[in-house]
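The structure under discussion appears below in the form of structure tokens.
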Amino acid sequence: MRGDLHPTILFPLVFLLLLSCSSSENRDDRNTDTTAPNDVKTDTEEDIQQDSEGIDQDINQAEDIDEEAPDPSLQNMRSEALEGMVNFSWDLPEDNTYTEIRITASPADVMWGEAERRIDPEATEYLFDKLVNDIHYTFEIQAFSDDEEVGEAIIRDAIPFSRPLLSVGVHQSLPIIDSVTKKRALGWGALVEQVGSAYSWSPDGTKLVTYLGARQRCALFDRATRKEIQLEPSDEFGSLCMPADYSWSPDSRQLAFTRLPEDNELPATSSLTYSVLDTQTGEIEPDWPDPAEISPIELIFTLDWSPDGKRLAIYPNYSNKPPRLMTINTNTKEFDLDWPEHPNSNPTHSVNYIQWSPDSKRLAIAHPSGFNNRTESGYLILNADTKEVETNWPAFTSPLPSTTVWSPDGELLILTFSTGMQVIDTTTQEVVPGWPTEWPRIKDVAWSHDSEILAISSAESPYLLIIDRDSKTIADGWAPLTEPVGKLSWSPQHDPPTAPTDVEVTRADDSATLSWTAPADAKILDYRVTIEPAAQVDGPADYLVFDPAATEHVIEGLDPEVEYSVSISAISVFGVGEAATSSSF
């Protein structure tokens, strides 16, 4: 029957059916649409509640963070590489529970002191000394509480290095100024705490001589250790030593110094003579000639060793006749008196200062107002070959010269007086313009080893001035001194040693003998030995040989089945020298 339905009846039925389905679908859709907002609303409230709980939790967590203890580690760690030392400084945490702070350095076998240092828990600074210049060290700084680590370990790398040092004589101390930090050098407390009224660095840059006023004696200090060198006691370098002047032989083996005669006791008269100290043995050298045997002298105020080492110049002063220049042949220890006299000089004034030119061809002499009628300039330049006064030097601008100081390169000559200085070009023999010449009450001037910096000391503020040679202006950044300054001395600066020569290795089963010839260009402190491959050595493979006189060393801990190479370097106060490496053995 249904297959026979008429189309006119079928179409309305289909339409009604479709309409019914559409209404049902739309109703379902509306039901879905109308229920969706309720579902969304419910979810949103739950989410808000969860979010609110999350916010509360975050706030609680933030409050928990605020309530947490501060970082227990050392704070704001700072390090500064110095000469043979590294200075560390830090801040302590607010809640300091430390019982100890430890600094451990590596490599441990290439330093002169303990690799681990234990420090007071309240300390905020430590000077890690006894290090070798030019070696890369790694430091671990860790706080402890009853042997338990507190906070994080701090790692710092540093390479100590040598630099020129300026010794400054003041009334109650002897500051050493670091030319890199431009402040008082650290580590010199053993010297600075004592009264030093005069001083001079040895030409090799390894020693400093000073007068310890509190003990009334002279002393030598070692640059590497910054401690006094213990010498054989002697009256001459002890109770009789007076700090008028010192002069080193060019090889630094001998030191000439002014002293009281043996029959004088403190308080002293004005009488002064001289002696020569062997700095290697600590003994006073005999047989140096006595100028008093020629004519009774009043004093020797100044002396100077020629840079070529051949002559020691002294200038005895007399009570009844003009002062007279004498030179001593340092080989024969005999006087050379064939120098011109100055009959018009005033015998009541002593010669203040003499200095050889760097090439030993001239001798500059300062004589304060020492010429009658002021017919001469107050300073003289003597030709060392002809022994005659050179007359083509410019007139001195003051009648009261204090010092005559050659620059180390020999190109400039500084003349100082109480209210200023004069700078002369030694080639043209003309006054050099542009230098700041008017400084009140100049006490001394000193050139740096490279002739690039001029230090000026004064009895009035500013007490210390550092002048840059190129700009002829005061250099910035140098820490001011707060008291009058006297004599000055720059330390010489040299390269590290050259490599040892004639290096040979004789192999045994599990050891080898290393031999070498020492370099002759520096004072050796010790040697550094490095073995490769390091992992195949039963023991240290990079270490120091603590014997500056050594020319042979036994290497141990070798594997008989392994082929090695070894290098050796000489060490001076200026650093580690070039390495000499053996062939494989």
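The values are calculated or read from the model by the stated rules, or taken from the named source; none is laboratory data. Keep in mind the model is a prediction, meaning the values are calculated, not measured. All Cβ positions, glycine included, derive from the backbone under ideal geometry; neighbour counts span all protein chains shown. In case anyone asks, the SASA skips ligands and DNA or RNA and just uses the protein heavy atoms, side chains included. Shrake-Rupley method; radii C 1.70, N 1.55, O 1.52, S 1.80 Å.
ALA499 versus THR391, label points 7 Å from Cα toward the beta carbon: distance in nm?
5.8 nm
I'd like to compare 102-108, 489-495: which one has the highest average count of other Cβ atoms within 10 Å, and what's the full order after that?
489-495, 102-108
Show which lysines lie in cross-link reach of LYS310 when reach means a straight Cα distance below 18 angstrom and same-chain residues fewer than eight apart are skipped.
LYS333, LYS361, LYS387
Can you compute the modelled spin-label distance between ASN383 and GLU578, with each label point 7 Å from Cα toward Cβ, in nm?
Taking the two extended label points, one gets 4.1 nm.
Calculated FRET efficiency, SER319 and SER451, Cβ-Cβ r, R0 35 Å, to nearest 0.05?
About 0.35, to the nearest 0.05.
Pop out the carbon and sulfur fraction of the accessible area of region 443-585 as a percent, whole number, probe 1.4 Å.
46 percent
So what are the ³J(HN,Hα) numbers for region 556-572, from phi and the Karplus equation (6.51, -1.76, 1.60; θ = phi - 60°), rounded to whole Hz, Gly and Pro as x?
Each residue's phi maps through the Karplus curve to give 10, x, 8, 8, x, 8, 10, 9, 10, 9, 9, 10, 9, 10, 8, 10, 10 Hz.
Rolling a 1.4 angstrom probe over the protein heavy atoms, how many square angstrom per residue are accessible across region 440-585?
Result: 47 Å² per residue.
Could I have the simple spin-label model distance between ALA153 and GLU532, label points 7 Å from Cα toward Cβ, reported in nm to one decimal?
2.8 nm
Roughly speaking, what is the stretch gain from SER295 to GLN216, that is 0.36 nm per residue apart minus the C-alpha to C-alpha distance, in nm to one decimal?
Stretched fully, the SER295-GLN216 segment lengthens by 25.6 nm.
With all protein chains present, how much of the accessible area of region 286-331 (probe radius 1.4 Å) comes from carbon and sulfur, to the nearest whole percent?
Roughly 44 percent, rounded to a whole number.
Check which residues have an amide H placed less than 5 Å from GLU283's amide H, if you skip close sequence neighbours.
Result for GLU283 returns ASP278.
Can you classify region 246-336 as rounded, prolate or oblate using the Cα gyration tensor, where a ≥ b ≥ c are the square roots of its eigenvalues, rounded means a/c under 1.5, and otherwise it's prolate if a/b beats b/c and oblate if not?
Cα axes put region 246-336 in the oblate bin.
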